[in-house]
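**Q** One structure coming up, written as structure tokens, with questions to follow.
The values are calculated or read from the model by the stated rules, or taken from the named source; none is laboratory data. Just so it is clear, the model here is predicted, and its values are computed rather than measured. So basically every Cβ, Gly included, is an ideal-geometry build from the backbone, and we count neighbours across all protein chains shown. The accessibility values were calculated without ligands, DNA or RNA, using every heavy atom of the protein model including side chains. Shrake-Rupley method; radii C 1.70, N 1.55, O 1.52, S 1.80 Å.
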Amino acid sequence: MKIAYGDFLQSHGQPVRAVEVYREASREDPASVEAAMRLADLLLSDGGEEATAEARQILARAREEAPDHPDLLVTEARLLLREDRAEPALRNL
């Protein structure tokens, strides 16, 4: 339910609040790949170094839960491209 609420907030121009909700969802269910992926995706949209570092950690934990999740692989590829690491990004796709 929280993930849906975070999606609603994000689609209604409230990304900061959506990040908070996705964090809550991740704390409540640490194995939730969906919450982790959405949180990481929003953090990557932020573009800051701190947000990118947090997204990297979140994605690493999520990959342990679902190493072949397609949306997770795409989000990780975005991170790798942001870091100018095109070759590993392409392997994800």
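**Q** Taking springs between alpha-carbon atoms closer than 10 angstrom, which of Leu81, Leu39, Leu72 fluctuates most in the Gaussian network model of the chain?
**A** Its mean-square fluctuation being the largest, the pick is Leu81.
**Q** Give me the net charge for the shell around Glu49: Cβ to Cβ below 13 angstrom, other residues only, Lys and Arg +1, Asp and Glu -1.
**A** Neighbour charge sum, excluding Glu49 itself: -2.
**Q** Relative to the longest principal Cα axis of the chain, at what angle does helix 49-65 sit, 0 to 90 degrees, rounded to 10?
**A** 90 degrees
**Q** Sticking with this structure for a sec: Tell me what the chain gives for mean residue ellipticity at 222 nm when only DSSP H runs of n ≥ 4 count, each as -39,500 (n - 2.57), the sum divided by the residue total, rounded to 500 deg cm²/dmol.
**A** -25500 deg cm²/dmol
**Q** Angle, helix 33-46 long axis vs. longest principal axis of the chain, Cα atoms, 0 to 90°, nearest 10?
**A** That helix lies at roughly 80 degrees to the long axis.
**Q** Count charges around Ala89 for me, please; just the other residues with Cβ under 11 Å from its Cβ, Lys/Arg as +1, Asp/Glu as -1.
**A** Local charge sum for Ala89: 0.
**Q** Here is a follow-up. Using a 7 Å offset from Cα along Cα-Cβ at Asp71, what residues in segment 41-58 end up with backbone N under 13 Å from the label point?
**A** 41-42
**Q** First select every other residue whose beta carbon is under 14 angstrom from the beta carbon of Ile3; then total the charges, Lys and Arg +1, Asp and Glu -1.
**A** Spelling it out: positives minus negatives among the neighbours equals -3.
**Q** Probe of 1.4 angstrom, ligands and nucleic acids ignored: what's the accessible area per residue over the chain, in square angstrom?
**A** 61 Å²
**Q** Still on this structure: Tell me the carbon and sulfur percent of the accessible area for the chain, rounded to whole percent, probe radius 1.4 Å.
**A** Here carbon and sulfur together make up 51 percent of the probe-accessible area.
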